[in-house]
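To start, the structure itself, in structure tokens.
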Amino acid sequence: MSEKQELNYDTIILGAGPAGLSAAIYAARGNIKTAIIDITMFGGQPSNYLEIENYPGFSLTSGYDLMEKFEEHVDKFGVDKFPMEEILSVDLKSDIKTIETFDKIFKTKTIIIATGAKATKLGIKGEQEYTGRGVSYCAVCDGAFYKNKVVCVVGGGNAAVEEACYLTKFASKVYIIHRRDKLRADKIVQERAFNNDKIEFVWNSVAKEIMGTQTVNSLVIQNVNTNELKEIKTDGVFPYIGFTPNVALYDGQLNQTPQGFINTDINMATSIEGVYAAGDVRNTPLRQVITAAADGAIAACSCVKYLEEKETVKIGV
């Protein structure tokens, strides 16, 4: 087996969504040698969003187009990019941090964690069995498969209601299953759903079991007030009940919330010196493209300042 290539940087950014890409821009502008690594292609979750209408300066754009502009901006600063790098291990606690992939060893004085979060699973019977066969976590990716069919969206936040509205472009009927008697989504998003004849709300209910044969054919729900069970005939189930942070590689090395989100101070500094976190992976009250981008900027500027104050010799030179 050939020896792994060793690469040295002043800072390495893990994750190439809006937080990571923003951090790369600000770190490179701070004149430190910067690399950005992701286990998939660049762009993160927003790349799958059909429409974004709350990012300043873009009244309406696709998530893919917006993230493409982020990446083009990064390219202007000559940041080293490593997409599709499967990471084997991350050592955050040493003075020189190490990230190991199948064929490379990255060494860096500082790390910015921007690995985002993934859709939280319902954790019910049938969910895992029917994932990809009627259970989906991406309406934009899979919505077209449900033309003239019935689907259920589980959740009541912006993501759930927006994706439900999107699914009406294909489905004949969309149920929104929500555990409360009112939505958490923004009012403008709620109004669109309430005015859509294809959407029917099922209040005060939670998903209990996904049933089917080769593919999904029904969802069992339970009323949280009466405990009554009801079976809804459906061809697809789209859970949107929140997010779980992508922290498996460094879980337990940092101070985290019980849910796993990384705690930071206002400078995006974590409990480990030289390690910062930005975007959906950290403990934050709002998970949006704009807040992720802002986190990335703060984290990178804090990182640059840390290196300057420590009078660190740049290992990337």
Across segment 64-85, what is the total count of residues that are under 29 Å from Val189 (Cβ atoms) and either outside the structural domain of Glu100 (by TED's automatic domain parsing) or in contact (Cβ under 8 Å) with a residue 40 or more places away in the chain (or both)? 5
How many residues are at pLDDT 95 or above and surrounded by fewer than 17 Cβ atoms within 10 Å (Cβ to Cβ) if we restrict to segment 292-311? 1
Just checking, does segment 239-255 include any residue being at pLDDT below 95, hydrophobic (A, V, I, L, M, F, W, C) and assigned to a strand (DSSP E or B)? yes
Looking only at segment 156-183, count every residue that is out of contact with any helix residue (DSSP H, G or I) (no Cβ under 8 Å at 6 or more places or on another chain) and either of a type outside the set (A, V, I, L, M, F, W, C) or in a loop (DSSP other than H, G, I, E, B) (or both) and tell me the total. 10
Here the qualifying pairs (Cβ atoms under 6 Å; residues six or more apart or on different chains; first in segment 126-143 and of a type in the set (A, V, I, L, M, F, W, C); second in a loop (DSSP other than H, G, I, E, B)) come out as Val135/Glu127; Val140/Leu50
For segment 52-121, which strands (runs of 3 or more DSSP E) that fit wholly inside it have 3 or more residues that are over 23 Å from Phe261 (Cα atoms) and out of contact with any Pro (no Cβ under 7 Å at 6 or more places or on another chain)? 80-82, 104-113
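Residue-by-condition table, conditions (1) crowded, with 22+ Cβ neighbours inside 10 Å; (2) of a type outside the set (Ser, Thr, Tyr); (3) without any contact (Cβ under 8 Å) to a residue 40 or more places away in the chain; (4) over 20 Å from Thr291 (Cβ atoms):
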site	(1), (2), (3), (4)
Leu14	yes, yes, no, no
Ile36	yes, yes, no, no
Leu50	no, yes, no, yes
Glu53	no, yes, yes, no
Out of all the residues in segment 234-263, which are farther than 30 Å from Lys149 by Cβ, more than 18 Å from the chain's Cα centre (by Cα) and surrounded by 18 or more Cβ atoms within 10 Å (Cβ to Cβ)? Leu254
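The values are calculated or read from the model by the stated rules, or taken from the named source; none is laboratory data. On a predicted model such as this, the values are computed, not experimentally measured, just so you know. Cβ atoms come from the backbone with ideal geometry, glycine included; neighbour counts cover every protein chain shown.
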